[in-house]
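A quick write-up on the structure given underneath.
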Amino acid sequence: ARLQDGGLRLRDVAGDGHCQFRAIAHQLAALSLPIDAGHEELRRRCVQWLRQNGCRTINGVRTADFVALPEHPEGITLSQYCDRMAAQTAARFGRIYWGDHATLLATASIFSCKIRVYSSLSSWDAIQTPRTTVVG
């Protein structure tokens, strides 16, 4: 009902570890924003942006602090995160790492747009609006 109220509809995407990138690439194309190569190019551009902007804050939080992966509670560096996120296949790390909060914020920053995430949990929607600044 929330999607219909906004004039939106549910679209299935493959749940293969690239789902966030596929969904966003589809929406960027629908908005005629410059993404030619689909989800793989979007993943590559997100990783590149994160590597180049580790010293920025996004909405008051250091970019590097967004990259904690749940399987590494002891911490992971931005470089390690980007290496894993850049892997297009599971061959290198044993699995494909799916998009997360950091890649949503990177995409919003790259395209200077808001990204609204609709969740199946009725109490949780998120809007990502980048406000980046350079620190130290």
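At-a-glance table
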read-out: Flag if ARG44 is surrounded by fewer than 19 Cβ atoms within 10 Å (Cβ to Cβ), at pLDDT 75 or above and in contact with a strand residue (DSSP E or B) (Cβ under 8 Å, 6 or more places away or on another chain); value: no
read-out: For PHE93: the one exception among (1) modelled with pLDDT of 75 or more; (2) among the hydrophobic types (A, V, I, L, M, F, W, C); (3) in contact with a helix residue (DSSP H, G or I) (Cβ under 6 Å, 6 or more places away or on another chain); value: (1)
read-out: Long-range neighbours under 6 Å by Cβ, at least six apart or interchain, first residue within 10 Å of TYR81 (Cβ to Cβ) and in contact (Cβ under 8 Å) with a residue 24 or more places away in the chain within region 93-104, second crowded, with 16+ Cβ neighbours inside 10 Å and of a type in the set (D, E, K, R); value: TYR97/ARG84
read-out: Evaluation of HIS39 against (1) modelled with pLDDT under 80; (2) closer than 23 Å to LEU10 by Cβ (one fails), failing number; value: (1)
read-out: Subset of region 36-65 [touching a residue at least 40 places away in the same chain (Cβ under 8 Å) and in contact with a Leu (Cβ under 6 Å, 6 or more places away or on another chain)]; value: ILE58
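The values are calculated or read from the model by the stated rules, or taken from the named source; none is laboratory data. Not measured: the values here are computed from a predicted model. Here the Cβ is made from the backbone with ideal geometry for all residues, glycine too, and neighbour counts use every protein chain on show.
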